[in-house]
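**Student:** Here's a structure for you.
The values are calculated or read from the model by the stated rules, or taken from the named source; none is laboratory data. The structure presented is a predicted model; accordingly, all values stated were derived computationally and were not measured. Note that we place each Cβ from the backbone using ideal geometry, even for glycine, and neighbour counts take in every protein chain shown.
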Amino acid sequence: MKIVRAGCCGFCTGVAFAYEKAVEIAKKGKKAYILGYLVHNSDVIRKLEEMGVRSISNLSETPVGEYRDAPLLIISAHGVGPKTYDDAKKIGLEIVDTTCPWVKKAQQISKKLFEEGFKVVIIGDRDHTEVKGIKGWTKETAVVVEGPKDVEALPFYEKMGIVAQTTQSVANFEATAAALKKKAGTVRVENTICSATEKRQEAAIELAKQVDLMVVIGDVRSANTNRLRELCLGQGVETQMIHSADEIKTEWLENKKTVGITAGASTPEWVIKEIVDRLGR
């Protein structure tokens, strides 16, 4: 059986930076917290927690005042809204910002559109951390739509500014933007999909056309990994999404000559290697 890995998969530049920064802080022995998850991957989170970097769900969980030096708050690659920065500073936390540059770009574009009087519409997963953060830069006024079907319920806006969650599929963004254009007088479309996301999706689609089975590696909470799974399934190839080598089932491999491998942007190289090695046995 031949195993072929997609040309672009695994950690993207933004995630790699966030992870390396958190590891650097941990090695220095500094007390640090991450609001939410640095990235949506339980292996990465577990490894960081073993090093002393704790994930929290609320700023009140940080024990400010118990340490001589102010605890560090690591802003995850997904980013947050401006209120989180303000609240963290008010209680004396030192901020280490690892927001992905592409997410920062989406935040600033949304802020500018809002300030110029546009109704900001975010095409993305409504409950995703990144989307909530982007919405915060519009003073919580942005509307979130996940696809063309959500557009029907929207009222007509005189001015509409459209942005995307950075891990959206290009096809969904374009289809939803086309539907949104019918709901406004003046429309400004800003494609804020990360270029690495586009490359990863294109590589997965191309590989899916050439194999008997696609294995998509990543955490179930990872939006971009779920998107890869959807895109591979869309090519008509059997697709399995797993998080670890222990999830591999031998029956998947029966009568398979070629297996394709891709992985989400939050999947570390050590997990990919372990799965590839297990498949190759």
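**Student:** Just give me the residues in segment 227-255 being more than 23 Å from the chain's Cα centre (by Cα) and surrounded by fewer than 14 Cβ atoms within 10 Å (Cβ to Cβ), in sequence order.
**Tutor:** Once the filter is applied, which keeps residues that are more than 23 Å from the chain's Cα centre (by Cα) and surrounded by fewer than 14 Cβ atoms within 10 Å (Cβ to Cβ), segment 227-255 yields Gly236, Asp246, Lys249, Thr250, Glu251, Glu254, Asn255.
**Student:** Given the residues Ile45, Ile34, which is the only one that is crowded, with 17+ Cβ neighbours inside 10 Å and not in a helix (DSSP H, G or I)?
**Tutor:** Ile34
**Student:** List pairs: first residue in segment 203-229 and farther than 26 Å from Val103 by Cα and modelled with pLDDT of 95 or more, second residue small (Gly, Ala, Ser) and assigned to a loop (DSSP other than H, G, I, E, B) anywhere in the structure, Cβ distance under 6 angstrom, at least six positions apart or on different chains.
**Tutor:** What qualifies is Leu207/Ala6.
**Student:** Here is a follow-up. Just give me the residues in segment 139-168 being of a type in the set (S, T, N, Q) and surrounded by fewer than 23 Cβ atoms within 10 Å (Cβ to Cβ), in sequence order.
**Tutor:** Within segment 139-168, just Thr141 meets the criteria.
**Student:** I've got another one for you. Residue check: is Arg221 of a type in the set (D, E, K, R), touching a strand residue (DSSP E or B) at 6+ places or on another chain (Cβ under 6 Å) and either more than 28 Å from His78 (Cα to Cα) or not assigned by TED's automatic domain parsing to the domain that holds Val80 (or both)?
**Tutor:** no
**Student:** Right, another one. Out of the residues in segment 249-268 meeting the condition of being among the β-branched types (Val, Ile, Thr) and modelled with pLDDT of 95 or more, tell me which one is farthest from Val4 (Cα to Cα).
**Tutor:** Once the filter is applied, the top-ranked residue is Thr262.
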